[in-house]
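Asks: Sharing a structure with you now.
What follows is calculated from the coordinates using simple rules that are stated; it is not laboratory data. Because the structure is a prediction, the values reported are computed rather than measured. Please note: Cβ atoms are built from the backbone with ideal geometry, for glycine as well, and neighbour counts cover all protein chains shown.
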Amino acid sequence: MPEVSERTPISWSFLKHCFSTWYWYFFVVLWILAGETESFSSNALLQLYMRSHPSKKYTVAQNNNYPTGVPAVGIVSTLFWATLTDFMGGKRYLVGYWIAVTGVITSALILAYPHSTAIHFAMYYWAGSVYACQATFFAWANDVLRYEEDSLRAVVIASMNMGSNAVNAWWSILFYGANFAPYFTRGMWAMIAVSIAMAAWTAALVWMQVRTEKRREIAGVTHATVMGKAEQNEGVGGFDQGEKV
């Protein structure tokens, strides 16, 4: 098993090293995309839809209570996917494909049936399941970086949050402002695009992870072989000397 590098002090050379690795770019972009796939839930679109419904008027209690089903779905989804990916040996990437499928289907159905209240409710509840990416994607980053130094892992994880917040600051206004209610047509198309990008990026990240793990295995085998031969030579040398004596 590869040894974990010791903690490296923060310096310009260390930061240069961080930005020269694929870990930083791939995981930061992954979490930026994931943050935008949560837009239906994080921007309370169901509640905005109910308040701007063209024909139905919901009570204050209904406006407060019905949208709570979205985070409830998110809690169940998070527990399910976190447990499943642990049980399957850390296949966190499955969540990336799940939320990509979820984003495309929910957006497409809302676009196809803009006047169906049942479709809107069902799709917004389903979209709550993408909250599972919060636990699983950070676990994924920790899994991949487990053999890297702690400082690099800390920078990558902090950058994931920073990147997502920086993009989400203007993304929500551009695509999910309250003035776009109740249909959020622009936001639906944006969600389809982001979801497709999520599937592609997940596949690319899996490829990079597999390639890195193979290199680690080769390096580990090479190191073990060299050490084994060295020990063998030392043993042979000692035996020969003993016979000569």
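Asks: Order of Thr102, Thr83, Thr78 from fewest to most other C-beta atoms within 10 Å? Please list the in-between numbers first.
Replies: Working: Thr102 23, Thr83 10, Thr78 20.
Going from sparsest to densest Cβ surroundings: Thr83, Thr78, Thr102.
Asks: Next question, about the same structure. Convert each backbone phi in the stretch 165-173 into a coupling constant with the Karplus relation 6.51 cos²θ - 1.76 cosθ + 1.60 (shift: θ = phi - 60°), then list the ³J(HN,Hα) values in order as whole Hz, x for Gly and Pro.
Replies: 5, 5, 6, 5, 4, 10, 4, 5, 5
Asks: Continuing with this model, one more query. Take Ala154 and Ala118, extend 7 Å from each Cα along the Cα→Cβ direction, and tell me the distance between the two endpoints in nm.
Replies: Spacing of the two 7 Å Cα→Cβ label points: 5.4 nm.
Asks: Take Tyr25, project a point 7 Å from its Cα along the Cβ direction, then tell me which residues of the stretch 127-169 have their backbone nitrogen under 13 Å from it.
Replies: Label zone hits: none.
Asks: Sticking with this one: Taking 20 °C and 1.002 mPa s as the conditions, I'd like the Stokes-Einstein D for the stretch 19-172 in µm²/s, using the Kirkwood hydrodynamic radius from alpha carbon pairs. Write out the running numbers ahead of the final one.
Replies: Working: Rh = 16.8 Å.
Reported coefficient: 128 µm²/s.
Asks: Here's another thing I want to ask about it. Below 26 Å Cα-Cα, how many Lys pairs turn up in the chain? Only count pairs eight or more apart in sequence, or on different chains, if you could. Walk me through the intermediate numbers first.
Replies: On the way: Lys16/Lys214; Lys91/Lys214; Lys214/Lys229; Lys229/Lys244.
Summing the qualifying lysine pairs gives 4.
Asks: How large is ³J(HN,Hα), in whole Hz, for each residue of the stretch 81-87 in order, when computed from phi with the Karplus curve 6.51 cos²θ - 1.76 cosθ + 1.60 and θ = phi - 60°, using x for Gly and Pro?
Replies: 6, 5, 5, 5, 5, 5, 5
Asks: Also: R0 = 22 Å: FRET efficiency of Thr212 with Leu15, Cβ-based, nearest 0.05?
Replies: Working: r = 21 Å, r/R0 = 0.95.
Plugging the Cβ-Cβ distance into 1/(1 + (r/R0)^6) gives 0.60.
Asks: So for the stretch 1-148, averaging the separation of alpha carbon pairs under 8 Å that are six or more residues apart and normalising by length, what relative contact order in percent results? Please report the intermediate quantities before stating the final value.
Replies: Working: 125 pairs, mean separation 51.0, N = 148.
Reported as a whole number, the value is 34 percent.
Asks: OK, next. State to the nearest 20 debye the size of the charge dipole of the chain about its Cα centre, where the only charges are +1 on K and R beta carbons and -1 on D and E beta carbons. Numbers along the way, then the final one.
Replies: Details: 16 positive and 15 negative charges, 223 e Å.
That gives a dipole near 1060 debye.
Asks: To continue, here is another question. How large is the helix-only mean residue ellipticity at 222 nm for the chain, computed as the sum of -39500 (n - 2.57) over DSSP H runs with n ≥ 4, divided by its residue count, in deg cm²/dmol to the nearest 500? Walk me through the intermediate numbers first.
Replies: On the way: 11 runs with 191 residues, N = 245.
About -26000 deg cm²/dmol.
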